[in-house]
Amino acid sequence: MIHPPEYVLGIQPYVPGKPIEELERELGISDSIKLASNENPVGPSPAALKVIKDSFSDINRYPDGAGYYLRKALSDLLSVKEDEIILGNGSNELLDIAAKTYLKDGDEAVMAVPSFVVYSMAVQSVGGNPVQVPLKDYTHDLSAMADAITPKTKIIFIANPNNPTGTINKKDEFDRMMEKVSNDILVVIDEAYYEYVSGPDYADSMKYLGSEKNILVLRTFSKIYGLAGLRIGYGIAKKEILSDMNRLRAPFNTNTIAQRAALAALKDSEHVINSRNINEAGKKYLYRELESIGIKYVPTEANFIYMPIGDSMSVYNGLLKMGVIIRPMGPKAIRVTIGLPEENKRFIEALKTVVSE
Ligand SMILES: Cc1ncc(COP(=O)(O)O)c(C=O)c1O
């Protein structure tokens with residue numbers, strides 16, 4: 001019998017949102033909706049869809065391992081150099097590569113809880129120790145996170161906006177934290193929901209790119225760009241960090257279709273604006289309805305809403321029976337992705353029924 005190292009056994013496998021097909025098979029229902037994985041309900045950009053269809057005939061060839069055209073477009077858009085951009089098979093892969101690159105057995109990485117669970121998985125996968133700092137008012141407590149730094153700390157993970165609470169950290173608190181972080185620590189600022197943020201004073205992580213500090217900003221095409229199924233995201237960091245990370249990046253980690261679709265999606269600003277507007281309108285509708293039912297929620301800067309709701313599993317199961325898939329977040333909260341108007345309405349109707357029961 002073969003056994004993995006102890007630290008691998010300590011990892012809890014990631015539990016994804018329930019797929020629609022699985023629910024319908026189990027309950028023998030149809031017409032269910034999924035508001036569980038923070039995908040863009042609008043779908044991908046039509047320009048991306050066209051490029052995807054046109055790319056099929058090339059897939060006998062390996063992709064461009066360096067992702068030249070996409071990195072070039074990102075560098076133009078973000079006003080950074082091409083060697084300051086790395087592509088990942090989802091931003092998720094870049095979290096893993098960052099952990100593999102900078103952590104060894106026994107090193108520590110500071111992160112918030114609850115936050116994106118992949119941070120602790122990435123850290124544990126290389127024998128590192130996650131140091132989890134509770135949120136304050138549903139938001140990363142950056143001052144407490146800075147206080148949690150020890151000589152063993154190598155990485156700090158910050159989700160801004162945070163998943164699952166949708167809250168942001170602002171400029172001042174972020175800058176105060178950065179002052180306390182020494183130059184031998186990597187600060188990973190995960191901005192998967194960056195394009196949805198509308199609140200004021202959102203921390204400007206990119207301003208540290210030209211400094212002595214070590215930052216890795218992560219963004220993705222899985223959320224507002226609507227390409228979650230293709231798995232493509234990117235990181236921005238100084239070239240020395242990326243040349244370390246590139247040692248551990250698989251040769252063809254992002255595929256041809258994903259690279260081309262992402263490039264087309266990046267240029268389709270109309271689709272991004274439309275998606276953001278639909279999200280904003282859905283958010284307002286849900287706030288109004290939740291208030292009228294008397295359900296507490298955390299105001300969000302992303303495309304999902306966190307509700308500290310008490311018995312989350314019975315709410316989750318009650319909604320499932322009505323064909324509405326959301327995400328329980330521990331025993332006392334749920335997270336619901338903002339959907340299309342008819343999906344939001346369906347969720348509210350189902351929630352009313354569950355609550356009245
Ligand atoms: C905060 C956060 N970071 C990263 C990811 C991973 O995104 P990707 O699809 O780019 O791997 C997610 C996905 O839900 C997320 O919520």
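Restricting to region 206-236, name every residue that is within 16 Å of the ligand (Cβ to nearest atom), of a type in the set (A, V, I, L, M) and either closer than 14 Å to GLU82 by Cα or not in a loop (DSSP other than H, G, I, E, B) (or both). Within region 206-236, ILE215, LEU216, VAL217, LEU218, ALA228, LEU230, ILE236 meet the criteria.
Of all residues in region 325-349, those that are among the hydroxyl-bearing types (Ser, Thr, Tyr) have Cβ atoms under 9 Å from Cβ atoms of residues that are in a strand (DSSP E or B), 6 or more apart or on another chain, in THR337/LYS34; THR337/PHE304; THR337/ILE305; THR337/ARG327. I'd like to verify a number: residues in region 280-308 that are within 23 Å of the chain's Cα centre (by Cα) and over 22 Å from ALA159 (Cα atoms), how many? So the answer is 5.
Of the residues GLU240, GLU270, GLU301, GLU280, only one is away from the ligand (no atom under 15 Å from the Cβ) and under 30 Å from LEU351 (Cβ atoms); which? Criteria check complete, one pass: GLU280.
Here's the yes/no breakdown for (1) crowded, with 23+ Cβ neighbours inside 10 Å; (2) in contact with a strand residue (DSSP E or B) (Cβ under 8 Å, 6 or more places away or on another chain):
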residue: HIS140; (1), (2): yes, yes
residue: ILE158; (1), (2): yes, yes
residue: ASN162; (1), (2): yes, yes
residue: GLU173; (1), (2): no, no
residue: MET178; (1), (2): no, yes
residue: VAL181; (1), (2): no, yes
residue: ILE185; (1), (2): no, yes
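When region 28-56 is filtered for residues that are in contact with a Ser or Thr (Cβ under 7 Å, 6 or more places away or on another chain) and assigned to a helix (DSSP H, G or I), only SER55 remains. THR256 fails exactly one of the following numbered conditions: (1) polar (S, T, N, Q); (2) buried (at least 22 other Cβ atoms within 10 Å of the Cβ); (3) in contact with a Pro (Cβ under 8 Å, 6 or more places away or on another chain); (4) over 23 Å from VAL188 (Cβ atoms). What is the number of that condition? Unmet condition: (2). Consider region 115-137 and keep the residues that are more than 16 Å from the ligand (Cβ to nearest atom) and of a type in the set (Gly, Ala, Ser). The one that is farthest from the chain's Cα centre (by Cα) is GLY127. Among the residues of region 286-316, those that are farther than 26 Å from TYR202 by Cα, in a loop (DSSP other than H, G, I, E, B) and touching a strand residue (DSSP E or B) at 6+ places or on another chain (Cβ under 8 Å) comprise ILE295, ILE309.
Values quoted throughout were computed directly from the atomic coordinates according to the rules given, and no laboratory measurement underlies them. Please read these numbers as outputs of a predicted model, since none were measured by experiment. Cβ sites come from the backbone with ideal geometry, for glycine too, and all protein chains shown count toward neighbours.
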